[in-house]
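Below: one structure, written as structure tokens.
The values are calculated or read from the model by the stated rules, or taken from the named source; none is laboratory data. Computed from a predicted model, the values in this text were never measured in an experiment. Here Cβ is always computed from backbone atoms with ideal geometry, including for glycine, and neighbour counts include all displayed protein chains. Surface accessibility is based on the protein's heavy atoms, side chains included, excluding ligands, DNA and RNA. Shrake-Rupley method; radii C 1.70, N 1.55, O 1.52, S 1.80 Å.
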Amino acid sequence: MGKKLPLVLGAGAVAGGLTLRWMYQKMSIAQMTPEDEELVKAQPGNDYIDPAELKMHAGRAITIDAPPEKVYPYLKQLGCHKAGFYSYEYLERLFGYHIYNDYTIEEKWQDTKVGDWIPYRQNGAGTGVFGMKENEYLLTGTDSRKPPTDNRGITWHPAGFEYIAWTWNFYTIAVDGGKKTRLVAVNDVAHNDDVPKFWYVIALLIYGLTGNVMSGKMLEVLKGCAEGTYKPAERQKAKNALRNRLYYCGEPNWGKQ
């Protein structure tokens, strides 16, 4: 084992370096601009976190060649109980999140309303919808000092934190005369000041860095879905159509024409 140890450590270092490089590249995609910040300031949802408690503000943004009404329905389907999060589902399942993405618009999942709980994983941990306006914004947040909006929900409270609160807000802002959408996803985070450094670093790596990468992928996928260029979505539509023809799933007349 003595001779193999340097090889194992070397391989681990290389793998870790490549992973960090990949994450850095992914984080550089779909960054918010100062113009996006100004757009968001004019939108609702900024008062969920007390400015005096704010510890982190981050966001992603991407321009989609489709109007907001083509983008917003995908946001209403967020959640492991619906269409997933349009990100790296295999990686999410590797970490115990029972998430299977669905890239089609399903009418049965369009019933999202204020007060609903969007679960991140099957144990109920997630975020609550505290505001929404069709084709304009979807506001979600959670605060470990408050009960979840759904009695089946669980507010995340990591070790070492006295409390933690955050938002995950989405804005579908019409641009180019309404022909395109500037999709902006914003995270604000608040927590107590005296968090032990060890637990702070763990939370930052797992939910900060990783979450940033996952959000970037989500925006890329949503862009492809709304524009009709995301190939997995087209394959899924064909698969769903075949399923409906064979088993008469979904609408009563599907597959019977």
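Multiply the residue gap between H81 and T33 by 0.36 nm, knock off their C-alpha separation, and tell me the result in nm, one decimal place.
14.0 nm
Residues with amide H under 5 Å of T140's amide H, sequence separation 5 or more or different chain, H placed in the peptide plane at 1.01 Å from N; which?
Correct list: F130, W168, N169, F170.
How much accessible area per residue does the range 175-235 have, in Å², with a 1.4 Å probe? Could the numbers behind the result be given before it?
Values: 3070 Å² over 61 residues.
Accessible area per residue: 50 Å².
Cross-link partners among aspartates and glutamates for K180, C-alpha distance below 17 Å, same-chain residues fewer than 8 apart left out?
E35, D36, D65, E69, E134, E136, E220, E227
Which net charge results when you count Lys and Arg as +1 and Asp and Glu as -1 among the other residues whose beta-carbon is under 9 Å from that of T155?
Working: positive: R145, K146; negative: D143.
Neighbourhood net charge equals +1.
Can you check what the net charge comes to around T167, using other residues whose Cβ is under 11 Å from the Cβ of T167 (Lys, Arg +1; Asp, Glu -1)?
My count for the surroundings of T167 gives -3.
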